[in-house]
Amino acid sequence: MDMPVSRSAGSAVADAARLLLPLLEQGCPIDADGLREAMTGAFQGADSAGIWNWKTAYDETEATAVLFLRRFGSAMSARAASAAAMLALFATFERLLDPRVEAAIAADTHDSGLETLRADSFSVLARQTIHVHPETGARTDLLTIRERRRTEPVTLGHTLSFRTYRDAMFVHNAQSGRAAVRIPAPVLITDGGDIQKRVRLIRPMDTQTLSLDMFIASYWEQIDAARFAPLREAELAQLDEFVETTVHMVTGLLLPIWKRLPSESTRVYRLQTDEGERIIGRRVSPAWAATASVTGGVTLSGPDARRALLEGAMVIHLAERMRLRRVRVMGNHRIELTGFTEAMRERLRVYGLFTEIISWTLRFFVPVDEAGGAVLDRLFETWPVERVAEREAA
């Protein structure tokens, strides 16, 4: 967690607890918006920039509860006519903190048996039966669902607040034209025991962490705030109002194929589509969805493949014995293509892959940003996907 050097995480949590205490004193519940405002003020930065996370925020509500009981515990005990009345007071206090659970659900960190997916829009794009029970005829369906969420970028005001950090600077990429704020990132200890200094670049919709050496060797250059502000405003103006992603869910009769489903998470989710259809099932990765077809065909789009590869959950096998997988280079994740021949090199460069010579070996990588999806689409047109394997089995 990155914070101004003059403040510790403990003191920031204590400050946030003191900011929230008046809400409980006035009998007001602590909702997600109030919790975010207190944390942002205490930590001097937003969660979207990685300054704090929601697990720390939930811990902070416990600190608020402790402060409340310290201040009013004796008075509550004195006014309670009986133990039952005291329990009633605690029940009221618990009700005021119930919104904390709602905030956990919104942050996808609350683990309950059934969780609700929320977005501005859900619509079913495809429905495929992948299993039919031989006796009852009950079906198991694989649904491809389009999820639409409103864009929530890091605002210019939040971005400018990072200049209070030690060694913070506004930077501009001479090649891409993008602007970012550079702040220190936690150091990385390599397998050899060396300490690698790193920096974090904060952009409107994402953050990127890279080694200090890689940053110095890149096209990023320092600029002043007067030049940075219009560049950032221009980027914000170009953002779409909504972001669309694809969700894959297995619904219907799940028990017969439960062991075939991914073992990383057994959560069951529910959602409601724009047409009013209520869906309950297990969420699966694009890798699993691509190999679940009863016909054996593998269909995987470039953007879905990019996201799944960056998650590190799968290896994609292409025609002519090539493979795509996530690797770690200089402390950062990349998508590497292996198995190519010398005759393929020029075509791969034309498709948008970039090269780097590491330990005297030429290696090809797919861009990890949004452009990587289009690069993978072009790659799949020439060398189709033959199969997708879970990384553990690859």
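The values are calculated or read from the model by the stated rules, or taken from the named source; none is laboratory data. Source: prediction; values computed, not measured. Glycine gets a Cβ as well: all are built from the backbone with ideal geometry, and neighbour counts include every protein chain shown.
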Conditions (1) in contact (Cβ under 8 Å) with a residue 24 or more places away in the chain; (2) in contact with a Phe, Trp or Tyr (Cβ under 8 Å, 6 or more places away or on another chain); (3) of a type in the set (Phe, Trp, Tyr) -> Phe354 fails only (1)
For the stretch 319-348, which positions are touching a Leu at 6+ places or on another chain (Cβ under 7 Å), in contact (Cβ under 8 Å) with a residue 60 or more places away in the chain and more than 26 Å from Asp213 (Cα to Cα)? Met322
Could you figure out which of (1) touching a Lys or Arg at 6+ places or on another chain (Cβ under 8 Å); (2) in the same structural domain as Glu336 (by TED's automatic domain parsing) isn't true of Pro303? (1)
Is there a residue in the stretch 249-260 that is among the hydrophobic types (A, V, I, L, M, F, W, C), under 16 Å from Leu117 (Cα atoms) and at pLDDT 90 or above? yes
Can you tell me which residue is surrounded by the most Cβ atoms within 10 Å (Cβ to Cβ) among those in the stretch 135-173 that are in a strand (DSSP E or B) and among the basic types (Lys, Arg)? Arg146
Taking interchain pairs and intrachain pairs at least six residues apart, which have beta carbon atoms under 7 angstrom, with the first residue in the stretch 229-241 and more than 27 Å from Ala119 (Cβ to Cβ) and the second modelled with pLDDT of 90 or more? Leu231/His172; Leu231/Ala179
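Name the residue that is farthest from Phe162 (Cα to Cα), counting only residues in the stretch 23-45 that are surrounded by fewer than 17 Cβ atoms within 10 Å (Cβ to Cβ) and at pLDDT 80 or above. Please lay out each step first, then the result.
Looking only at the stretch 23-45, we keep the residues that are surrounded by fewer than 17 Cβ atoms within 10 Å (Cβ to Cβ), and these are 25-29, 31, 33-34, 37, 41.
Among the residues that remain, those that are also at pLDDT 80 or above are: 37, 41.
Values: Glu37: 17, Gly41: 13 Å.
Per the stated criteria, the residue is Glu37.
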Which pairs do you get when a residue that is in contact (Cβ under 8 Å) with a residue 24 or more places away in the chain and assigned by TED's automatic domain parsing to the domain that holds Arg203, found in the stretch 157-176, comes within reach of a residue that is loosely packed, with under 14 Cβ neighbours inside 10 Å and β-branched (Val, Ile, Thr), reach meaning Cβ atoms under 6 angstrom, with the pair 6+ apart or on two chains? Arg166/Val5
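Here is a yes/no grid of residues against (1) part of a strand (DSSP E or B); (2) among the small types (Gly, Ala, Ser); (3) modelled with pLDDT of 90 or more:
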position: Glu336; (1), (2), (3): yes, no, yes
position: Ala343; (1), (2), (3): no, yes, yes
position: Glu346; (1), (2), (3): no, no, yes
position: Arg378; (1), (2), (3): no, no, yes
position: Val388; (1), (2), (3): yes, no, no
position: Glu392; (1), (2), (3): no, no, no
Residues that are loosely packed, with under 12 Cβ neighbours inside 10 Å and either at positive phi or in contact with a Ser or Thr (Cβ under 8 Å, 6 or more places away or on another chain) (or both), drawn from the stretch 254-284: Glu275, Gly276
Taking the stretch 344-364 and keeping only residues that are farther than 14 Å from Arg378 by Cα and in contact with a Ser or Thr (Cβ under 9 Å, 6 or more places away or on another chain), one is left with Arg345, Leu362, Arg363, Phe364
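Restricted to the stretch 348-363, and to residues that are out of contact with any helix residue (DSSP H, G or I) (no Cβ under 6 Å at 6 or more places or on another chain) and assigned to a loop (DSSP other than H, G, I, E, B), which residue is surrounded by the most Cβ atoms within 10 Å (Cβ to Cβ)?
Step by step, filter the stretch 348-363, then rank; the result is Leu353.
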Restricting to the stretch 232-253, name every residue that is surrounded by 13 or more Cβ atoms within 10 Å (Cβ to Cβ), in contact with a strand residue (DSSP E or B) (Cβ under 9 Å, 6 or more places away or on another chain) and either more than 30 Å from Ala289 (Cα to Cα) or of a type in the set (Asp, Glu) (or both). Arg232, Glu235, Glu244
